[in-house]
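What follows is a single structure, written as C-alpha cells, with notes after it.
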Amino acid sequence: MAMHELQSSRGASRIWRLFHAIDDDGDGWIEAVTLVEVLARAGFETDDRRLAGLFGRLAERQGARLDFTAFLAVLGADSLIFERVVRGDLAVPDFASFAEEMARIFAEAAAARGGRQARYVAPLAEVNPERFGLAAVTVDGQILRLGDAGVDFSIQSICKPFNYCFALEEQAHVGLQRDAVHRWVGMEPSGRRYDAAALMEDGTDRPYNPMVNAGAIVTAALIRPGETVDERLDRVRRLWALLTGGDAPRLDTRMREAEGRAGHRNRLLARALAEAGAMPGGPSATPESVGDALGLYFGTCALALTVTEVATAAATLANGGICPLTRSRALRRRTVRDCLSMMQMSGMYDGSGEFCLRIGLPAKSGVGGGIFLVVPGLMGVCVWSPRLNAHGNSVRGVRVAELLAARYRLHAFDPPAVSADRPDPRLSLSAWRAAQTARALWAAGCGDVQTLDGLLNQQVDLGRGDYDRRTPLHLAAATGHMPVIRLLLDAGVDADPIDRWGRGPLDEAESGGHAAVVALLKAHAVRRDPRVGSAERELQPQQALDFGDDLAVAELLWAAAADDLDGLRRLVARGVPLHAADYDGRTALHLAASEGAERALDYLLAHGHPIDVRDVWGATPLDDARREHHDGTMARLIAVTRSPTDPD
Ligand code: GLU
C-alpha cells in the first residue's frame, strides 16, 4: 500500500499522529527500541503475554529504524493499545513518573527495620527478614515491580478476602444469594484479636466477619463442601489463576503441614464453632466437615504467590472483578463490592480502624508479611516484607501504605475536587497542575465571576500561580475586571503575588490604566513602586494560536516548562497543536526557553513550533531564554533564528 493511501484512511491518520508524536527529532524515522522504551515506561514490559505479538515483531527488527510503513506493520493489530499508551489514555497516564515516585517510596520504606517476623512455624521463621518486594498493577494492566517482586511468599491471611469471594461465588453458582454466606458469618468489625473465639452477641452466634480466623474457617467450609480437601484446594487455586491471569498459586506443603501441627488455636476455634452449632450445617455439621474446613483453611494460608500476582488479583478487585491481564471476568461485581467493604472494615487486624482513617483504602495483610491494597477503579498494590508490627502487619508494608497516602490523593474519602497538596496518579503531573490553575486563570482573564465562584465552592485555591507564577489576580488586574478582583480579594488571595517578571497585580493595573483597581489594591496594603522594567512593557496583540481547549493548553505549557517529553508526546498524539497559546500569549516554546528545558525545546522545534511567536508583552522565546540566562536554549534558538529580534 502506498504511503498516501495509508495516510488517507482514518485509522492510519491516527497512527500517523502517534508516529509523529514519538519521532522526537522529526526526521521521519523511529528506532525500533524507542517503541520498546515507550511501552516499558507505560508499564508494559517485554515479558507481557498480552503483547507477545508486538514484542515479537519488535525483536525481529532489533536495532532497526522504522519509517511510517514499517511502523504500521510492526504495530499490526496492537495499534490500539499503543495509541492508548502514547496518548496517556491509561489508568495511570504518566506511569514513568509514578514508577519513579514509587521507587522513592520503596527506598524510604526499606529503611524501616523495626518489628519481628513470625516464628510460630519453621517455614516462616526461616524466611530472610530483609526480603522486600512491591508490585502495583493498574486496571489497564500496567505493571510496576520493585525488589523481590518475583519471589514467592506465604500469603497466610491474605487468603481470607479471596476465600470470602470464592464462598460468595460458589453460593451464587448454585443460585443462592449473599445471605447464604452471611447466615454463617457476620459483617461487623470485631474489635478483637484476629484469633479471638468471640461470636456475635446478636443471638446468631456467628463469627464477626470473614477476616478473622473463626470467620475464615466458616467461609472455607462454604467452598465446595461436597468435595475432598484436595479437590477444594485445587478449585481455589484455579480461581486464583483467574484473578492473577496467570499460573495457579503454588502450594507450600511444608507450610501446610506446619500450620496444621501448630494450629491448636484454629482447631479450638473450629471446635467452639461446631459446639455452638455455628459451622455451616448447624448442629448437623459432622466432625469430618469441620476438619475439612480447617484443612482447607490451612491449605489456602499455605499458598505461595509473588507480590506481582497478588497485586494483579488486587487489580482485579479494583477493576470490578475483571482481570486486567486477561480481560475476563473472574468475580461478579457484587462479590467484589462485598469483599472490599469487608477489607475496609476489618482487613488490618486490630489496626483496621486506624488504617482506614489514615490510609483510607481497603487492604488485607497476612502474618507472612504480605499486605495488599486496592484503589478501586485504579490499581492494586502488594508489598511483602516479613517483619511485623504489634498488630501483626508488615512494618514496611504499612510504611509503604502511609507514604502512598501522603504522596498521592488516594484516600477513599478525600473530597472529589483536585487538591493542590498531593497529585493524583489518575492524572499526569502536567494535567494535574493544569487542573489546579488553568480554569481559574482563564476565567479571571475574561471576567467570568460565575466560574470563579464555582471553583471557590470547590475549594480550589484561587491564589495559585501558573508556570509563569501568574495568578488570577494578575489577569484580572491587567484586564480591570472589578467584580473578579473583589471576589479574589474577598476569598483572601495574596494581593501582591509576584510573577516571573517581578510584576504584581498593582503593576498590571497601573500599566493597564485601571485607576479603580489601583485604588482597590492599594487599599489592600499593596503600596510599592512599580517593578523595575515593567513600565516599558507594552501590550501587544496576540499572534499565537488561540486553541479552544484551555486545560490542554495549560497541560502543554506545564509539560514544556517541566521538560517533560512524555507529556509533549501525549499532547501531540491527542492532536493538540504545539503552538497553542495561553491567556498571556505564552506558548510551549516560551516556557521551554524560560526554564532551560532543552529536550522540550528541541522537540518543539523538530515538530515545527514557530519561533517568532510573541507573548502579550511582545517577547519571543529567545527573549525568555536571554532574560533567564539559559545558554543552552538560547544557543539553540539563535541557531534556528535567521534574524534575531534583539541582537546583542
Ligand atoms: N495461618 C495463620 C493462622 O491462621 C494465619 C494468620 C494470619 O496471617 O493472620 O493462625
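The values are calculated or read from the model by the stated rules, or taken from the named source; none is laboratory data. Values in this document were obtained by computation on a predicted structure and should not be read as measured data. Every residue, glycine among them, receives a Cβ derived from its backbone with ideal geometry; neighbour counts consider all protein chains shown.
Out of L473, L427, L452, L441, which single residue is touching a helix residue (DSSP H, G or I) at 6+ places or on another chain (Cβ under 8 Å) and farther than 17 Å from Y583 by Cα?
L427
Among the residues of segment 342-399, write down those that are away from the ligand (no atom under 16 Å from the Cβ) and either over 27 Å from V181 (Cα atoms) or of a type in the set (S, T, Y) (or both).
Answer for segment 342-399, where residues must be away from the ligand (no atom under 16 Å from the Cβ) and either over 27 Å from V181 (Cα atoms) or of a type in the set (S, T, Y) (or both): E354, L357, R358, I359, L378, M379, V381, R396, R399.
Does A241 fit the bill of being away from the ligand (no atom under 16 Å from the Cβ), more than 22 Å from Y194 (Cβ to Cβ), assigned to a helix (DSSP H, G or I) and modelled with pLDDT of 95 or more? Lay out the reasoning, then the answer.
Details: away from the ligand (no atom under 16 Å from the Cβ): yes; more than 22 Å from Y194 (Cβ to Cβ): yes; assigned to a helix (DSSP H, G or I): yes; modelled with pLDDT of 95 or more: yes.
Yes.
Looking at segment 63-81 only, could you name the residues that are surrounded by fewer than 20 Cβ atoms within 10 Å (Cβ to Cβ) and part of a strand (DSSP E or B)?
Once the filter is applied, which keeps residues that are surrounded by fewer than 20 Cβ atoms within 10 Å (Cβ to Cβ) and part of a strand (DSSP E or B), segment 63-81 yields only R65.
Just checking, how many residues over segment 419-434 are over 18 Å from V374 (Cβ atoms) and either polar (S, T, N, Q) or surrounded by fewer than 19 Cβ atoms within 10 Å (Cβ to Cβ) (or both)? Before the answer, list the steps.
Going residue by residue through segment 419-434, those that are over 18 Å from V374 (Cβ atoms) are 419-423, 427-434.
Narrowing the set further to residues that are either polar (S, T, N, Q) or surrounded by fewer than 19 Cβ atoms within 10 Å (Cβ to Cβ) (or both) leaves 419-422, 428, 430.
Summing the residues that are over 18 Å from V374 (Cβ atoms) and either polar (S, T, N, Q) or surrounded by fewer than 19 Cβ atoms within 10 Å (Cβ to Cβ) (or both) in segment 419-434 gives 6.
Out of A258, A272, which single residue is within 16 Å of the ligand (Cβ to nearest atom), surrounded by fewer than 19 Cβ atoms within 10 Å (Cβ to Cβ) and hydrophobic (A, V, I, L, M, F, W, C)?
Selected residue: A272, the only one of A258, A272 that is within 16 Å of the ligand (Cβ to nearest atom), surrounded by fewer than 19 Cβ atoms within 10 Å (Cβ to Cβ) and hydrophobic (A, V, I, L, M, F, W, C).
Can you tell me which residues in segment 9-30 are assigned to a helix (DSSP H, G or I) and among the acidic types (D, E)?
none
Which number in (1) among the hydrophobic types (A, V, I, L, M, F, W, C); (2) crowded, with 24+ Cβ neighbours inside 10 Å; (3) within 16 Å of the ligand (Cβ to nearest atom) marks the one condition that L317 misses?
(3)
List pairs: first in segment 259-277 and closer than 20 Å to S157 by Cα, second of a type in the set (S, T, N, Q) and not in a helix (DSSP H, G or I), Cβ under 6 Å, 6+ apart or cross-chain?
Final answer for the pair search is none.
Taking segment 153-174, which residues are within 16 Å of the ligand (Cβ to nearest atom) and not in a helix (DSSP H, G or I)? So that I can check it myself, show each step before the final result.
Taking segment 153-174 and keeping what is within 16 Å of the ligand (Cβ to nearest atom), we get 153-164.
Correct list: F153, S154, I155.
Among the listed residues E595, E555, which satisfies the condition of being among the acidic types (D, E), at pLDDT 95 or above and buried (at least 24 other Cβ atoms within 10 Å of the Cβ)? Can you show your working first?
On the way: E595 fails: buried (at least 24 other Cβ atoms within 10 Å of the Cβ).
None of the other options fit; the residue is E555.
Kindly indicate whether L578 is in contact (Cβ under 8 Å) with a residue 24 or more places away in the chain, buried (at least 24 other Cβ atoms within 10 Å of the Cβ), of a type in the set (A, V, I, L, M) and on the phi < 0 side of the Ramachandran plot.
When the stated conditions are applied, L578 does not pass them.
Quick one: in segment 68-81, of everything that is β-branched (V, I, T) and in contact (Cβ under 8 Å) with a residue 40 or more places away in the chain, which residue is farthest from L134 (Cα to Cα)?
First, the residues of segment 68-81 that are β-branched (V, I, T): 69, 74, 81.
Among the residues that remain, those that are also in contact (Cβ under 8 Å) with a residue 40 or more places away in the chain are: 69, 74.
Working: T69: 40, V74: 32 Å.
Out of the qualifying residues, it is T69.
Can you tell me how many residues within segment 113-131 are within 14 Å of the ligand (Cβ to nearest atom) and either over 14 Å from N393 (Cα atoms) or free of Cβ contacts under 8 Å to residues at least 60 places away in the same chain (or both)?
8
From D292, D252, D247, which residue is more than 12 Å from the ligand (Cβ to nearest atom), closer than 21 Å to G368 by Cβ and not β-branched (V, I, T)? Can you show your working first?
On the way: D292 fails: closer than 21 Å to G368 by Cβ; D252 fails: more than 12 Å from the ligand (Cβ to nearest atom).
The match here is D247.
Scan segment 120-161 for residues that are small (G, A, S) and either on the phi > 0 side of the Ramachandran plot or at pLDDT below 95 (or both) and jot them down.
Residues satisfying the conditions are G141, G147.
Given (1) under 19 Å from N209 (Cβ atoms); (2) surrounded by fewer than 23 Cβ atoms within 10 Å (Cβ to Cβ); (3) in contact with a Leu (Cβ under 9 Å, 6 or more places away or on another chain), identify the lone condition not met by M345.
The one condition M345 does not meet is (3).
Which condition from (1) in a loop (DSSP other than H, G, I, E, B); (2) at negative phi is the one that G215 breaks?
Status for G215: all satisfied but (1).
With respect to R409, is the statement that it is at pLDDT below 95 and surrounded by 23 or more Cβ atoms within 10 Å (Cβ to Cβ) true?
When the stated conditions are applied, R409 does not pass them.
Considering only residues that are in a loop (DSSP other than H, G, I, E, B) and closer than 20 Å to L473 by Cα, look in segment 420-448 and name the one that is nearest to the chain's Cα centre (by Cα).
A420
In this structure, does G608 turn out to be part of a loop (DSSP other than H, G, I, E, B) and either farther than 16 Å from D466 by Cα or of a type outside the set (F, W, Y) (or both)?
Yes: the conditions hold for G608.
Would you point out which residue out of G368, G299, G360 is in a loop (DSSP other than H, G, I, E, B), crowded, with 24+ Cβ neighbours inside 10 Å and either among the aliphatic types (A, V, I, L, M) or touching a residue at least 12 places away in the same chain (Cβ under 8 Å) (or both)? Even if it seems obvious, please write down each step before you answer.
Details: G299 fails: in a loop (DSSP other than H, G, I, E, B); G360 fails: crowded, with 24+ Cβ neighbours inside 10 Å.
Going through G368, G299, G360 in turn, just one is in a loop (DSSP other than H, G, I, E, B), crowded, with 24+ Cβ neighbours inside 10 Å and either among the aliphatic types (A, V, I, L, M) or touching a residue at least 12 places away in the same chain (Cβ under 8 Å) (or both): G368.
Just for segment 116-147: of the residues that are basic (K, R) and surrounded by fewer than 17 Cβ atoms within 10 Å (Cβ to Cβ), which one is farthest from the chain's Cα centre (by Cα)?
Step by step, filter segment 116-147, then rank; the result is R119.
Going by the structure shown, is A32 under 29 Å from the mean Cα position of the chain (by Cα), of a type in the set (A, V, I, L, M) and surrounded by 17 or more Cβ atoms within 10 Å (Cβ to Cβ)?
Spelling it out, A32 is indeed under 29 Å from the mean Cα position of the chain (by Cα), of a type in the set (A, V, I, L, M) and surrounded by 17 or more Cβ atoms within 10 Å (Cβ to Cβ).
Can you tell me which residues in segment 192-230 are more than 12 Å from the ligand (Cβ to nearest atom) and polar (S, T, N, Q)?
Within segment 192-230, T204, N209, T219, T228 meet the criteria.
For segment 35-52, give me each residue that is assigned to a helix (DSSP H, G or I), under 22 Å from the mean Cα position of the chain (by Cα), closer than 23 Å to G246 by Cα and free of Cβ contacts under 8 Å to residues at least 40 places away in the same chain.
Across segment 35-52, the qualifying residues are V36, A40, L51.
Answer yes if at least one residue in segment 237-255 is more than 40 Å from the chain's Cα centre (by Cα), buried (at least 24 other Cβ atoms within 10 Å of the Cβ) and not small (G, A, S), and no otherwise.
Checked against the condition, which is being more than 40 Å from the chain's Cα centre (by Cα), buried (at least 24 other Cβ atoms within 10 Å of the Cβ) and not small (G, A, S), segment 237-255 yields no hits at all.
Assess whether R65 counts as being more than 24 Å from V307 (Cβ to Cβ) and either in contact (Cβ under 8 Å) with a residue 60 or more places away in the chain or within 16 Å of the ligand (Cβ to nearest atom) (or both).
Criteria not met by R65.
Return the residues of segment 82-101 that are free of Cβ contacts under 8 Å to residues at least 60 places away in the same chain and not in a loop (DSSP other than H, G, I, E, B); say none if nothing qualifies.
Residues of segment 82-101 free of Cβ contacts under 8 Å to residues at least 60 places away in the same chain: 84-85, 89-90, 95, 99-100.
The answer is R84, V85, F95, A99, E100.
For the subset of segment 175-212 comprising residues that are under 17 Å from G351 (Cβ atoms) and in contact with a Lys or Arg (Cβ under 8 Å, 6 or more places away or on another chain), which member is surrounded by the fewest Cβ atoms within 10 Å (Cβ to Cβ)?
For segment 175-212, the residue satisfying everything is D195.
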